[in-house]
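All remarks here apply to the structure that follows.
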Amino acid sequence: MNSCLFCSIIKGDVKGDIVYQDESVVAFRDIHPKAPVHILIVPRKHIATLLDLEQGDKGLMGDIFYAATRLAKDKGISEDGFRVVLNCGPGAGQSVYHIHFHMLGGRSFSWPPG
Ligand code: DGP
């Protein structure tokens with residue numbers, strides 16, 4: 001998946017402001033932040049969309065949410081609250097086809113999202 005932007009960030013071929021990594025997950029700051037804290041949490045494994053998840057990826061999703069809890073505490077947004085969002089497909093606004101969770105915090109959020 002040489003043409004995948006997030007695979008390139010994970011490999012270090014494209015610069016990313018990495019704030020967390022473990023054996024299965026990498027998290028880096030979004031280049032166009034929509035909140036004071038806006039971090040993208042991605043699996044090292046290339047998975048294009050949520051619909052491409054396989055049975056063997058179920059544990060990986062737990063790894064991602066565990067990383068989110070670590071990051072929330074580390075970045076000081078756990079007390080006030082934060083949002084974790086995944087966009088799947090063009091109608092939801094997905095623009096990078098390597099599955100990623102947006103972690104947003106540091107301000108209030110309205111519901112429903114736009
Ligand atoms: P989505 O629209 O859900 O696919 O979100 C993709 C996000 O990726 C968007 O918020 C902007 C971010 N993004 C795009 N290009 C780059 C990049 O080169 N570096 C970083 N850190 N983020 C990027």
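No value in this document is a laboratory result; all are computed from the given coordinates. Not measured: the values here are computed from a predicted model. Because the Cβ atoms are built from the backbone with ideal geometry, glycine has one as well, and the counts that use them run over all protein chains shown.
Relative contact order for segment 1-107: 31 percent, from Cα pairs under 8 Å spaced at least 6 residues apart, divided by residue count.
Less than 5 angstrom separates the built amide H of VAL25 from those of ARG44, all sequence-distant by 5 or more or on a different chain. PRE reach from ASP74 (point 7 Å along Cα→Cβ): which of segment 40-65 fall under 15 Å by backbone N? Those under the cut-off are 40-44, 63-65. For the chain, CYS88 stand unpaired, since no other cysteine beta carbon lies under 4.7 Å from theirs. Mind checking segment 1-31 for trypsin sites (Lys or Arg not before Pro) that DSSP puts in a loop (not H, G, I, E or B) and that have at most 11 other Cβ atoms within 10 Å? Sites meeting the loop and neighbour criteria: LYS15.
Specify the angular offset, from 0 to 90 degrees and rounded to the nearest 10, of the alpha carbon long axis of helix 58-74 from the longest principal axis of the alpha carbons in the chain. Compared with the principal axis, the helix lies near 40 degrees. Highest mobility in the GNM of the chain, judged by mean-square fluctuation with C-alpha springs under 10 Å and restricted to GLY59, GLY16, GLY89, is found for GLY59. Based on alpha-carbon atoms, the Kirkwood radius and the radius of gyration of the chain give Rg/Rh equal to 0.94. Near ASP30, the amide H atoms lying under 5 Å from its own belong to HIS38, ILE39, LEU40; only residues 5 or more places off or on other chains count, and H is placed 1.01 Å from N.
For the chain, a simple Cβ point-charge model (Lys and Arg +1, Asp and Glu -1, everything else neutral) yields a dipole of about 240 debye relative to the Cα centre.
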